[in-house]
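Asker: What follows is a structure written as structure tokens; I'll ask about it next.
The values are calculated or read from the model by the stated rules, or taken from the named source; none is laboratory data. Note that the structure is a prediction, hence the values are computed from the model and not measured. So basically every Cβ, Gly included, is an ideal-geometry build from the backbone, and we count neighbours across all protein chains shown. In case anyone asks, the SASA skips ligands and DNA or RNA and just uses the protein heavy atoms, side chains included. Shrake-Rupley method; radii C 1.70, N 1.55, O 1.52, S 1.80 Å.
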Amino acid sequence: MKIYNTLTGNKQEFVPMTEGKVKMYACGITVSGEAHIGHAYQAIIYDIIRKYFEKKGYDVVYARNYTDVDDKIINKSHETGIPADEYARKMIDEIDGEMRRLRVGEPTVWIKATECIGDIISFIEKLIEKGHAYPTEKGDVYFSVDSFPAYGALSHRNLEDAANGVRVENDELKRNPLDFALWKSAKEGEPFWESPWGKGRPGWHIECSAMNYKTFGESIDVHGGGRDLIFPHHENEIAQTEALTGKKFVRYWIHNGLIKVNGQKMSKSLGNSLLLKDLLERYSPEIIKFALLQTNYRGDINITDALFPEAEKHMAEFYRVFAAAEEKGIKIEGANAEIDAEFDKAMDDDFNTALAISNLFGIFKSVRAKIAAGDAGAGADLNQIRKTYSLLGLFEETPSAFLSKIKKKEDAVPAEVIKLAEERAKARADKDWASSDRLRDELLKMGYTVKDSKEGYTLEKKN
Ligand SMILES: [Zn+2]
């Protein structure tokens, strides 16, 4: 199987450090707010990659972290009046619950930053001993970028480019503006831990290095994260770990693309963040996964208004094929090795879920033809589809359960239609015929006819 490695800039055959085993880490979530679709996407991608390694027979240890102390969390704590640790705990509980609803598998190891402060401190102490880090008189500790000549190898930039590409925190006590904080001294009212450099808390980058070192030791096979983390976060992880161990930290760096909403970057300030809990209210996990996995994980995903409704339409079409087979009395049992082999061929090529999903259209076309011809082979195909594509989280429901949910949604009258109908009823009661007529026309435009009777009114959807 081939994996695109950001470090080398090409697809490489996957060879683990130890035969049959994969050590894998993916940067997790900073719990300074609710989970949005970007978090969900990342969780889905690395869950699938992990499951595919397992399908290939590897014994996988997959670790993820929760950043539960940082500037944004502290700001949230000040805004809400909830202590930072309590706020972080509450967010972690919520996000865990939403990820379970999304049916994302649990990593083998979950680590929270606040649970390895001791490991982080001893990591930093060793970096200072080796001359790769230095404390300042204010009680901060910085990594010295000049002490690590390979800095920039992952993002393919030299120090000068790097200096232009990053907004650096100003501190005249830094030896090089690119030096980054390993330990931050605590300001008044901030959570802190005691350290050899005074009261403070870890910087963000050191967390991932220390957690990896604690969980796996010097080296891992696969490290994942969003493409926006390549620089500086992952560059800094490499510098910290390799400066400490003198060994290569990560063999394969995997970076997923970013999510855009209607062509724009998703951000809180633009108010276009799609929260996972809202999405789960509207779409089943299968629809969300189908929609997102149609793009190869390295590509950016542009979420348009049509993306999820289209995915829902396709999934409903597929489930109708299962229902049609059942109706014809075709037993959904047996296997079709070819369907599984095609899937693996796609996934062996850098986890090409886009191809695996587009294969479905051809497969279902042939299954439809088999059902029409009364060919029992359709049952084997469908059973295989269910088995093979469960790796992507698809076809886990019964056709009747899936299709009845869609039907309910189609039949449901939208809230804005009900609101207009209520306004119209009030206008009629007030004998305001002009408003009543205007509202009737508006409802018509939205596809609803309203019928009045002694008991009130009924709404009918036009077809
Ligand atoms: Zn990280």
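Asker: Does the stretch 270-289 contain any residue that is within 27 Å of SER366 (Cβ to Cβ) and open to solvent by 40 Å² or more (accessible area, probe 1.4 Å)?
Answerer: Looking for residues that are within 27 Å of SER366 (Cβ to Cβ) and open to solvent by 40 Å² or more (accessible area, probe 1.4 Å), one finds none in the stretch 270-289, hence no.
Asker: Something else now. Return the residue satisfying two criteria in turn: it lies in the stretch 92-118 and is within 30 Å of SER284 (Cβ to Cβ) and small (Gly, Ala, Ser), and of such residues it is surrounded by the fewest Cβ atoms within 10 Å (Cβ to Cβ).
Answerer: Filtering the stretch 92-118 for residues that are within 30 Å of SER284 (Cβ to Cβ) and small (Gly, Ala, Ser), the one surrounded by the fewest Cβ atoms within 10 Å (Cβ to Cβ) comes out as GLY97.
Asker: Within the stretch 345-377, which residues are touching a residue at least 60 places away in the same chain (Cβ under 8 Å) and closer than 19 Å to GLU13 by Cα?
Answerer: Result: MET347, ASP348, ASP349, ASP350, PHE351, THR353.
Asker: Kindly indicate whether any position in the stretch 354-368 is more than 18 Å from ILE44 (Cα to Cα) and modelled with pLDDT under 95.
Answerer: Within the stretch 354-368, none of the residues are more than 18 Å from ILE44 (Cα to Cα) and modelled with pLDDT under 95.
Asker: Does any residue in the stretch 229-258 that is assigned to a helix (DSSP H, G or I) come within less than 7 Å, Cβ to Cβ, of a residue that is within 13 Å of the ligand (Cβ to nearest atom) and of a type in the set (S, T, N, Q) six or more places away or on a different chain, and which pairs are these?
Answerer: Taking only residues 6 or more apart or on different chains, the pairs are GLU237/SER209; GLN240/SER209; THR241/SER209; THR241/ASN212.
Asker: A follow-up question, please. Filter the stretch 173-230 for residues that are of a type in the set (Val, Ile, Thr) and surrounded by 23 or more Cβ atoms within 10 Å (Cβ to Cβ); which is nearest to the ligand (Cβ to nearest atom)?
Answerer: Ranking the candidates gives ILE206 first.
Asker: Would you check which residues across the stretch 18-32 are within 23 Å of ILE111 (Cα to Cα), away from the ligand (no atom under 16 Å from the Cβ) and open to solvent by 10 Å² or more (accessible area, probe 1.4 Å) and list them?
Answerer: Scanning the stretch 18-32 gives a single hit, LYS21.
Asker: How many residues are in contact with a helix residue (DSSP H, G or I) (Cβ under 9 Å, 6 or more places away or on another chain) and buried (at least 18 other Cβ atoms within 10 Å of the Cβ) if we restrict to the stretch 235-256?
Answerer: 15
Asker: Go through VAL145, VAL69, VAL60 for me and flag whichever is in contact with a strand residue (DSSP E or B) (Cβ under 6 Å, 6 or more places away or on another chain), surrounded by 15 or more Cβ atoms within 10 Å (Cβ to Cβ) and more than 17 Å from GLU34 (Cα to Cα).
Answerer: On inspection, the qualifying residue turns out to be VAL60.
Asker: So, one more: Being out of contact with any Lys or Arg (no Cβ under 8 Å at 6 or more places or on another chain), under 24 Å from PHE308 (Cβ atoms), open to solvent by 30 Å² or more (accessible area, probe 1.4 Å) and in a helix (DSSP H, G or I) narrows it down to one of ALA434, ALA425, ALA401, so name that one.
Answerer: Checking each option against the conditions leaves just ALA401.
Asker: Assuming SER267 fulfils every condition listed in (1) surrounded by fewer than 16 Cβ atoms within 10 Å (Cβ to Cβ); (2) polar (S, T, N, Q); (3) assigned to a helix (DSSP H, G or I) apart from one, which condition is it?
Answerer: (3)
Asker: State whether the residues of the stretch 236-254 include one that is under 16 Å from TYR41 (Cα atoms) and within 16 Å of the ligand (Cβ to nearest atom).
Answerer: Looking through the stretch 236-254, at least one residue is under 16 Å from TYR41 (Cα atoms) and within 16 Å of the ligand (Cβ to nearest atom).
Asker: Oh, and also: Here are ILE117, ILE48, ILE37: which of them is within 23 Å of SER209 (Cβ to Cβ) and more than 16 Å from the ligand (Cβ to nearest atom)?
Answerer: Of the residues listed, the single one that is within 23 Å of SER209 (Cβ to Cβ) and more than 16 Å from the ligand (Cβ to nearest atom) is ILE117.
Asker: Hey, which of the strands (runs of 3 or more DSSP E) in the stretch 1-117, taking only ones fully inside, have at least 3 residues that are within 19 Å of the chain's Cα centre (by Cα)?
Answerer: 21-30, 59-67, 109-112
Asker: May I ask you to list pairs of residues, at least six apart or on different chains, whose Cβ atoms are under 6 Å apart, with the first in the stretch 393-416 being farther than 30 Å from ARG50 by Cβ and the second being open to solvent by 20 Å² or more (accessible area, probe 1.4 Å)?
Answerer: Within 6 Å, the pairs are VAL413/LEU459.
Asker: Just to be sure I understand the filter: pairs with C-beta atoms under 7 Å, separated by 6 or more residues or on different chains, first member in the stretch 318-337 and more than 15 Å from LEU403 (Cβ to Cβ), second member crowded, with 17+ Cβ neighbours inside 10 Å and among the β-branched types (Val, Ile, Thr). Which pairs pass?
Answerer: Listed pairs, sorted by first residue: LYS328/ILE371; ILE330/ILE371.
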